[in-house]
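Structure, as structure tokens:
The values are calculated or read from the model by the stated rules, or taken from the named source; none is laboratory data. From a predicted model like this one, the values you see are computed outputs, not experimental measurements. Please note: Cβ atoms are built from the backbone with ideal geometry, for glycine as well, and neighbour counts cover all protein chains shown.
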Amino acid sequence: DTEVTQTPKHLVMGMTNKKSLKCEQHMGHRAMYWYKQKAKKPPELMFVYSYEKLSINESVPSRFSPECPNSSLLNLHLHALQPEDSALYLCASSQDSLGLGRNSPLHFGNGTRLTVT
Amino acid sequence: AQSVTQLDSHVSVSEGTPVLLRCNYSSSYSPSLFWYVQHPNKGLQLLLKYTSAATLVKGINGFEAEFKKSETSFHLTKPSAHMSDAAEYFCVVRDYTGGFKTIFGAGTRLFVKA
């Protein structure tokens, strides 16, 4: 079982809908990440939170809005998505993003399979 | 600049035979290297990591990898493939200049024939 929990597992939404993806970890990790993964491709980084502050936004369109309510939770709010946004969205966490962080592996959840119709 | 090259997009082996998945990296400093496995519709699971300790690293499910600095390689091996090993494998590099950046290889799909 993964130590990073993502909900929901599957989500189908229309282009005018508003929905949210949720991620939770209880490993005491201080860095949390959102990745997007298209079929047969490696994950692509979207956002990084470090100590609950957004530290990296990889030029992601504003229709994706991340939120980190506390050190254990990470949300991704979705609004006015396009069909090409359909993908597997993966949440990950790591012990730290600074210093020792380079030795700290990412721990991934099982993802949310998003389909935009 | 960091980069990771997985030399094979697909590898096919018979059950019970050895597995070799190849990975070469480029890094400005002493890197940390990882192998992950991803089964269909699942997240990525850490198999093993190299962080400048022993160059031969043992991981879960009988996998191991050897860090060879002179060849800038970190190939993944397993003595005997099992049907359950069929999955996508990603080689990943992080180094001191990477900060938050974690560089993924393109992935290698492992097929295991009965």
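Looking only at residues in the stretch B:74-114 that are at pLDDT 95 or above, of a type in the set (K, R) and surrounded by fewer than 19 Cβ atoms within 10 Å (Cβ to Cβ), the one that is farthest from the chain's Cα centre (by Cα) is B:K113. Apart from one condition, A:T5 fits all of (1) closer than 30 Å to B:S9 by Cβ; (2) within 13 Å of chain B (Cβ to nearest Cβ); the exception is (1). For the stretch B:39-55, what are the residues that are facing another protein chain (nearest Cβ under 7 Å) and in a loop (DSSP other than H, G, I, E, B)? Those that are facing another protein chain (nearest Cβ under 7 Å) and in a loop (DSSP other than H, G, I, E, B): B:N41, B:K42, B:G43, B:T51. The set of residues in the stretch A:11-24 that are under 16 Å from A:E67 (Cβ atoms) and more than 12 Å from chain B (Cβ to nearest Cβ) comprises A:K18, A:K19, A:S20, A:L21, A:K22, A:E24.
Cβ-Cβ distances below 9 Å connect the following pairs, each with a first residue in the stretch A:45-63 that is closer than 17 Å to B:T102 by Cβ, a second residue that is part of a strand (DSSP E or B) and of a type in the set (S, T, N, Q), and a separation of six or more residues or different chains: A:M46/A:N57; A:F47/A:S55; A:F47/A:N57; A:V48/A:S55; A:V48/A:N57; A:Y49/A:S55; A:I56/A:S50. Residues in the stretch B:8-21 that are in contact with a His (Cβ under 9 Å, 6 or more places away or on another chain) and under 18 Å from B:G107 (Cα atoms): B:L20, B:L21.
Only one of the numbered conditions (1) under 23 Å from B:G107 (Cβ atoms); (2) surrounded by 13 or more Cβ atoms within 10 Å (Cβ to Cβ); (3) touching a residue at least 40 places away in the same chain (Cβ under 8 Å) is not met by A:P42, and that is (3). Only one entry of A:K53, A:K36 meets the criterion of being surrounded by 17 or more Cβ atoms within 10 Å (Cβ to Cβ) and among the basic types (K, R), and that entry is A:K36.
Can you confirm whether the stretch B:88-107 contains a residue that is within 30 Å of A:Y51 (Cα to Cα), in a loop (DSSP other than H, G, I, E, B) and in contact with a Ser or Thr (Cβ under 6 Å, 6 or more places away or on another chain)? Checked against the condition, which is being within 30 Å of A:Y51 (Cα to Cα), in a loop (DSSP other than H, G, I, E, B) and in contact with a Ser or Thr (Cβ under 6 Å, 6 or more places away or on another chain), the stretch B:88-107 yields at least one hit. Within the stretch B:65-79, one or more residues are more than 10 Å from every other protein chain (Cβ to nearest Cβ), among the acidic types (D, E) and assigned to a loop (DSSP other than H, G, I, E, B).
Going through (1) touching a residue at least 12 places away in the same chain (Cβ under 8 Å); (2) in contact with a strand residue (DSSP E or B) (Cβ under 8 Å, 6 or more places away or on another chain) one by one, A:E67 falls short only on (1).
Residues in the stretch B:22-35 that are at the interface with chain A (Cβ under 8 Å from one of its Cβ atoms) and either under 22 Å from B:L110 (Cα atoms) or charged (D, E, K, R) (or both): B:F34 only. Does A:L106 qualify as being within 11 Å of chain B (Cβ to nearest Cβ), loosely packed, with under 15 Cβ neighbours inside 10 Å and at pLDDT below 95? The answer is no for A:L106.
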